[in-house]
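The values are calculated or read from the model by the stated rules, or taken from the named source; none is laboratory data. Small disclaimer: the values here were computed from a predicted structure and weren't measured. Please note: Cβ atoms are built from the backbone with ideal geometry, for glycine as well, and neighbour counts cover all protein chains shown.
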Amino acid sequence: MHENASARTCVAANRRAAEAALRKAASAAGRDPAEIALCAVSKKQPEPRLQAALDAGQRLFGENRVQEAAGRWAGLKERMPDLRLHLIGPLQTNKAREAVALFDRIETLDREKLAASLARAMDRQGRRIPCCIQVNTGAEPGKSGIAPQVLPEFLARCTETYGLTVDGLMCIPPRTEPAALHFALLARLGARHGLPFLSMGMSGDFETAVRLGATSVRLGTAFFGTRPQTQA
Ligand SMILES: *Cc1c(COP(=O)(O)O)cnc(C)c1O
């Protein structure tokens, strides 16, 4: 009871603060705040905080695992037609069907086999959802995302061969470098290839991302508070 009450207060206040910071960053950059979405990253967050976010009016959420997201959101989605979910974590091909059924956008398209699985799942379900290609802007080994150099050919494969709707890009900058360089690169790539949706910026760097053209920022801790530690 007490925990729920404090979750409500914290999340509502965090949300107001994040929205104010977004508006400020947008106007400092001469941008319209209305063109920047706040995606609340709810992964690993306890249920009372999700409920608090919904009560405060939040309708766009990001999750990084299909299973976890399905468990907490599938029922709610049926009751709340305006709820929107973005998949922001790596997607295995064997989860493509479930992901297409649940999510409203896939932000982590990063290989041809996944493009094929998503296309098949969308055809079967008669449901087309937009996708972002994830770009490994820092060329970090072992990190999700395509190399920037292969974007033109990968984009063509996704749209022409598989008929996917790709309208944006997503990146997670390396921890060890200034994020601004990576956001600027992603924005350049988006402009060059006609991809207007730019998912970039997290709790620590979303203002920089807004300055450089983000249209969707992914806020976890800044929105919900620290994620409880879970055993791996
Ligand atoms: C967890 C996560 C976030 C949110 O991170 P915070 O630093 O808590 O805002 C954003 N994007 C992705 C891809 C994530 O996995």
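A few comments on the model shown:
- Residues in the stretch 160-197 that are closer than 23 Å to M122 by Cβ, free of Cβ contacts under 8 Å to residues at least 40 places away in the same chain and crowded, with 20+ Cβ neighbours inside 10 Å: L169, G190.
Residues checked against (1) without any contact (Cβ under 8 Å) to a residue 12 or more places away in the chain; (2) within 16 Å of the ligand (Cβ to nearest atom); (3) among the β-branched types (V, I, T); (4) under 18 Å from R227 (Cβ atoms):
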position: L60; (1), (2), (3), (4): no, yes, no, no
position: E63; (1), (2), (3), (4): no, yes, no, yes
position: H86; (1), (2), (3), (4): no, yes, no, yes
position: R97; (1), (2), (3), (4): no, no, no, no
position: I106; (1), (2), (3), (4): no, yes, yes, no
position: R111; (1), (2), (3), (4): no, no, no, no
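- Residues within the stretch 68-83 that are loosely packed, with under 15 Cβ neighbours inside 10 Å and farther than 20 Å from L38 by Cβ, tallied: 6
- Checked against (1) out of contact with any Phe, Trp or Tyr (no Cβ under 7 Å at 6 or more places or on another chain); (2) assigned to a loop (DSSP other than H, G, I, E, B); (3) at pLDDT 95 or above, V100 passes all but a single condition, namely (2).
- Unmet requirement for D55, which otherwise passes all of (1) modelled with pLDDT of 95 or more; (2) surrounded by 14 or more Cβ atoms within 10 Å (Cβ to Cβ): (2)
- Among the residues of the stretch 121-133, the ones that are assigned to a loop (DSSP other than H, G, I, E, B) and buried (at least 17 other Cβ atoms within 10 Å of the Cβ) come to 1 in all.
- Enumeration of residues in the stretch 183-204 that are out of contact with any strand residue (DSSP E or B) (no Cβ under 9 Å at 6 or more places or on another chain) and within 16 Å of the ligand (Cβ to nearest atom): G204
- Conditions (1) within 15 Å of the chain's Cα centre (by Cα); (2) over 16 Å from I133 (Cβ atoms); (3) of a type in the set (A, V, I, L, M, F, W, C); (4) more than 16 Å from the ligand (Cβ to nearest atom): number failed by A180: (1)
- With respect to the conditions (1) away from the ligand (no atom under 13 Å from the Cβ); (2) part of a loop (DSSP other than H, G, I, E, B), A13 lacks only one, and its number is (2).
- Qualifying positions in the stretch 82-108 - under 19 Å from E160 (Cβ atoms) and touching a helix residue (DSSP H, G or I) at 6+ places or on another chain (Cβ under 6 Å): none
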